[in-house]
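Read through the structure below, which is laid out as structure tokens, and then see the notes.
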Amino acid sequence: MTTLRQLCHILISLLLCLAVLVLSGRPAGAVFVPFDFGNWQYEAPADVTITETPGRVNKTFGLTLTTTFTDLNPKVITLQTSPMHNEDERFFMFDMKITNGLAAGNNWGGFIIKTLDLIDPLPHTPGLDHPKWAHIHPRHNSPNAGAPAGSPTGPNYAQFTTLDPDVSNGIEVLTLSGGTVPVGNTWMPQRIRLHDKNALGDMFISSDTISFDQIGPMAFQLVLQPVVPEPGTLALFGSGLVALTLWKRRHGRTV
């Protein structure tokens, strides 16, 4: 039997998907900023900054994302391989500095992190350790890129203690709760791990005595959204579900 918590999680995911579908149509002339480490670039809202952590661990790049939410609309950041550049896979380890800039009385009771792959088609098969589509690893044992020996490993979600789902394999939606970020405070999670493999990433070709992954382009969106608990939350999610259903009937599912 579906619990209320599970139902809320489903409705949150559907509402967030609708918001991403609306926002993902980037305007013509969107400017992508190249990362210093090369081969990847990103496009983000004007109030989002991303800086890089020197060094790397294997195929992992370390990044720090800073922004402020003055409303509950999701922020969408697009990351993709640079033109004419192909890779087999890439990890990203995010530290974040996200300020609650809402009006008084709107303390955050949770936060949603979502990835939306722009190349691999839906539907996606859950329960895989490293799926081809862009995903989040809520639990892991990896350090920040470039961290010295003995540095902390695994994620630190700061104020939030409850993860849904609380797993180590790849997922597309992570809902955090069990804590509070008051208005005016900054939430500073660390070592949030994202991973993407290109659409051919699990297909192998042979070259004499070795086999290796095929390479290709990658592109995905990172979606961030705070949650303010209130009595009308479920009604809002219900409205989002209806809107998503109507949108799909009119336009069909697209990636």
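Condition check ((1) at pLDDT 95 or above; (2) in contact with a Pro (Cβ under 7 Å, 6 or more places away or on another chain)) across all residues:
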| site | (1), (2) |
| --- | --- |
| Thr67 | yes, no |
| Thr70 | yes, no |
| His85 | no, no |
| Ala103 | yes, no |
| Asn107 | yes, yes |
| Leu122 | no, no |
| Leu163 | yes, yes |
| Glu172 | yes, no |
| Leu176 | yes, no |
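Asp36 falls short on exactly one of the conditions (1) within 16 Å of Asp196 (Cβ to Cβ); (2) of a type outside the set (Ser, Thr, Tyr); (3) without any contact (Cβ under 8 Å) to a residue 24 or more places away in the chain, and that condition is (1). Within region 113-127, track down each residue that is out of contact with any helix residue (DSSP H, G or I) (no Cβ under 6 Å at 6 or more places or on another chain) and surrounded by 15 or more Cβ atoms within 10 Å (Cβ to Cβ). Within region 113-127, Ile113, Thr115, Asp117, Leu118, Ile119, Asp120, His124 qualify.
This table checks each residue for (1) surrounded by 19 or more Cβ atoms within 10 Å (Cβ to Cβ); (2) aromatic (Phe, Trp, Tyr); (3) over 17 Å from the mean Cα position of the chain (by Cα); (4) farther than 24 Å from Pro74 by Cα.
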site: Asp129; (1), (2), (3), (4): no, no, no, yes
site: Lys132; (1), (2), (3), (4): yes, no, no, yes
site: Ile136; (1), (2), (3), (4): yes, no, no, no
site: Gly146; (1), (2), (3), (4): no, no, yes, yes
site: Pro152; (1), (2), (3), (4): no, no, yes, yes
site: Pro165; (1), (2), (3), (4): no, no, no, no
site: Ser168; (1), (2), (3), (4): no, no, no, yes
site: Gly178; (1), (2), (3), (4): no, no, yes, no
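Selection over region 146-190 of residues that are acidic (Asp, Glu) and part of a loop (DSSP other than H, G, I, E, B) gives a count of 2. Thr175 meets the conditions (1) under 25 Å from Ile50 (Cβ atoms); (2) out of contact with any helix residue (DSSP H, G or I) (no Cβ under 7 Å at 6 or more places or on another chain) in every case but one. The failed one is (2). Only a single criterion out of (1) out of contact with any strand residue (DSSP E or B) (no Cβ under 7 Å at 6 or more places or on another chain); (2) aliphatic (A, V, I, L, M); (3) without any contact (Cβ under 8 Å) to a residue 40 or more places away in the chain; (4) within 30 Å of Pro34 (Cα to Cα) is not satisfied by Ala158, namely (1).
The values are calculated or read from the model by the stated rules, or taken from the named source; none is laboratory data. Given the structure is predicted, the values throughout are model-derived calculations rather than measurements. So basically every Cβ, Gly included, is an ideal-geometry build from the backbone, and we count neighbours across all protein chains shown.
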